[in-house]
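Peer 1: Got a structure here, written out as structure tokens. Questions coming.
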Amino acid sequence: MPMKNRQAGFALIEAMVAIVVMSLGILGILGVQMRTLADTQTGVRRAQAIRLIEDLSERMKVNPNALGNISSYVVGWGAPGTPPNCKTAACNAQNLALFDILQWKQIVQDSLPAADANVFEVADETIINNRRQLGIMIRWRENERADGTAAEN
């Protein structure tokens, strides 16, 4: 009597393995998509920081004596403070510089998450009356939720 070779349930195992392989592929695609979204957000924030630096440059161009009062634009890390009110009262060039930098710093803090800015004189310019450059550093928290807890990558 010939023996019949029976294989019961093999098609079910093949289907389950196919589902697992397909699920891993979909999870991989979703991971790549999430990373792409995070990188896009990083690029948007960097572009915003560049626009903020350009904004400060434009503010300095409007000030009639910005280069003569370039040290008035120097501001460290931390809260911007209270600027003089140059919108309603006349200001000299130094007060206008202080108004511009403190107002700009507040805009930086409002535009990027947990942001701050530092404006400093460039160290290699040694002749005080001939300074023409400022250094600007803007920092912000990239991977943080609005409540201050760390976001997962």
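Peer 1: Residue-wise, which Karplus ³J(HN,Hα) couplings in Hz belong to segment 97-106, taking 6.51 cos²θ - 1.76 cosθ + 1.60, θ = phi - 60°, and x for glycine or proline?
Peer 2: 5, 5, 4, 4, 5, 6, 5, 5, 5, 5
Peer 1: Report P(r) for segment 7-81: all Cα-Cα distances, bin width 5 Å, range 0 to the bin holding the largest distance, values in whole percent.
Peer 2: Spelled out bin by bin, segment 7-81 gives 3, 11, 9, 11, 10, 7, 7, 6, 5, 6, 5, 4, 4, 4, 3, 2, 1, 1, 0 percent.
Peer 1: Is the shape of segment 52-125 rounded, prolate or oblate, going by the alpha carbon gyration tensor and its root eigenvalues a ≥ b ≥ c, with a/c under 1.5 for rounded and a/b larger than b/c for prolate? Present the calculation step by step, with values, prior to reporting the outcome.
Peer 2: On the way: a/c = 1.73, a/b = 1.16, b/c = 1.50.
Since a/c reaches 1.5 but b/c is at least a/b, the shape of segment 52-125 is classed as oblate.
Peer 1: Work out, step by step, the length gained on full extension between ALA93 and VAL62: first 0.36 nm times the residue separation, then minus their alpha carbon distance; give nm to one decimal. Write down the numbers at each step before the final one.
Peer 2: Working: separation 31, 0.36 × 31 = 11.16 nm, distance 1.04 nm.
Extending this stretch completely gives an extra 10.1 nm.
Peer 1: Using +1 on the beta carbon of Lys and Arg, -1 on that of Asp and Glu, and nothing else charged, what's the dipole of segment 34-82 about the Cα centre, debye to 20? Provide the component values of the computation, followed by the final result.
Peer 2: Working: 6 positive and 4 negative charges, 23 e Å.
Charge dipole of segment 34-82: 120 debye, to the nearest 20.
Peer 1: Calculate the FRET efficiency for GLN103 and ALA15 from the Cβ-Cβ distance with a Förster distance of 41 Å, rounded to the nearest 0.05.
Peer 2: Working: r = 65 Å, r/R0 = 1.59.
Result of the calculation: an efficiency of 0.05.
Peer 1: How do VAL20, VAL108, VAL75 stack up against each other in accessible area, from largest to smallest, with a 1.4 angstrom probe?
Peer 2: Working: VAL20 85, VAL108 0, VAL75 25 Å².
Output order, biggest surface exposure first: VAL20, VAL75, VAL108.
Peer 1: For segment 28-99, which trypsin sites (Lys or Arg not before Pro) are both in a DSSP coil and crowded by at most 15 other Cβ atoms within 10 Å?
Peer 2: Details: sites: ARG35, ARG45, ARG46, ARG51, ARG59, LYS61, LYS87; in loops: LYS87.
Passing both the DSSP loop test and the Cβ count: LYS87.
Peer 1: Follow-up question, since we're still on this one. Taking K and R as +1 and D and E as -1, what net charge do the other residues with C-beta under 14 Å from the C-beta of ILE107 add up to? Numbers along the way, then the final one.
Peer 2: Values: positive: ARG51, ARG59, LYS105; negative: GLU54, ASP55, GLU58, ASP100, ASP110, ASP116.
Surrounding charge for ILE107 is -3.
The values are calculated or read from the model by the stated rules, or taken from the named source; none is laboratory data. From a predicted model like this one, the values you see are computed outputs, not experimental measurements. Counting neighbours? That spans all protein chains shown, and the Cβs are built from the backbone with ideal geometry, glycine included. Ligands, DNA and RNA are excluded from the accessible area calculation, which covers all protein heavy atoms including side chains. Shrake-Rupley method; radii C 1.70, N 1.55, O 1.52, S 1.80 Å.
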